[in-house]
């Protein structure tokens, strides 16, 4: 007893490599007939076994054909997904540009707040605990019970600055309100850029136009690419636990080193972030320069700040700041995106 198969299957017409064809034209299917009726044969058992294997090969071929057809037909879906992804990226990029513009203008009007804004971002981020993977730059510092802690003394005005900026940003956001977690870190980015630009202006004798040209030519603006991609932090709904941030002006260098080590940072990062630490950054840097582990890095960055480009200092600062600004955070890369407005074609004038 033998079995043959009778069914109709669609097999693609495969073109050899290098053949001339239009790549936008779909392959035209060819139809083959496979019999599926029982027939009587006089074959031996061995021959019957061989027939079974041949039938399995035919079925495998059909499976591959179906898979290939599925891949071919899914091309339009992939193109649609890619287009949607590009739209969302553009939406986020445009929103970031608006945020930076708002923050730039606001910080320009209150330059004295720059050190406090930097410390606010650092203290919000350094609540991160590696063991429990809790804390980090999650906006918890906005809660009254946390901003009033001793380590956050003097930062209330910086938080008020964030609140005012948030009201303006939320008023034009099409993708929902910005999180405190994102805004605090972006304010610190803007504050850092403001210090870089101010340094360039000083190097040009106070000439703003020349200072801007100097920073454009030698500045580190392009180093912020990775930081800008980390956009979509979620706000926590409760304060972070107490005791995770040292009282900086009272902390010893060893206590600072221990805190940085606990979150995966070392003497190099401690030195480069000295501008963030405590209410008196000059005093902090002087203290850090007394430690043999930190002193070489303090001296390196002091020398770098005296150069025209300040490359070593600015690049290391941006790299370190980018790292701490994502501690423990799961970035939502769809945050602040929104559905495109649908066009009513019945109202179009042709």
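The values are calculated or read from the model by the stated rules, or taken from the named source; none is laboratory data. Being a predicted model, the structure only gives us computed values, none of them experimental. Positions of Cβ are backbone-derived with ideal geometry, glycine not excepted, and every protein chain shown enters the neighbour counts.
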With the structure loaded, tell me whether residue 200 is touching a helix residue (DSSP H, G or I) at 6+ places or on another chain (Cβ under 9 Å), buried (at least 17 other Cβ atoms within 10 Å of the Cβ) and under 27 Å from residue 150 (Cα atoms) or whether it fails that test.
no
Count of the range 146-173 residues which are surrounded by fewer than 13 Cβ atoms within 10 Å (Cβ to Cβ) and touching a residue at least 60 places away in the same chain (Cβ under 8 Å)
2
What do you reckon, is residue 233 out of contact with any helix residue (DSSP H, G or I) (no Cβ under 8 Å at 6 or more places or on another chain), more than 28 Å from residue 309 (Cα to Cα) and assigned to a loop (DSSP other than H, G, I, E, B)?
no
By my count, helices (runs of 4 or more DSSP H) wholly in the range 76-180 with at least 3 residues that are assigned by TED's automatic domain parsing to the domain that holds residue 260 and more than 22 Å from residue 193 (Cβ to Cβ) are 144-147, 156-172
Residue 327 versus (1) without any contact (Cβ under 8 Å) to a residue 40 or more places away in the chain; (2) under 30 Å from residue 144 (Cα atoms): which is the lone unmet condition?
(1)
Check off (1) surrounded by fewer than 22 Cβ atoms within 10 Å (Cβ to Cβ); (2) over 30 Å from residue 338 (Cβ atoms); (3) in contact with a helix residue (DSSP H, G or I) (Cβ under 8 Å, 6 or more places away or on another chain) for residue 177 and give me the number that stays unchecked.
(2)
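Can residue 279 be described as surrounded by 12 or more Cβ atoms within 10 Å (Cβ to Cβ), modelled with pLDDT under 95, part of a loop (DSSP other than H, G, I, E, B) and out of contact with any strand residue (DSSP E or B) (no Cβ under 8 Å at 6 or more places or on another chain)? Please lay out each step first, then the result.
Working: surrounded by 12 or more Cβ atoms within 10 Å (Cβ to Cβ): yes; modelled with pLDDT under 95: yes; part of a loop (DSSP other than H, G, I, E, B): yes; out of contact with any strand residue (DSSP E or B) (no Cβ under 8 Å at 6 or more places or on another chain): yes.
So residue 279 fits the description; yes.
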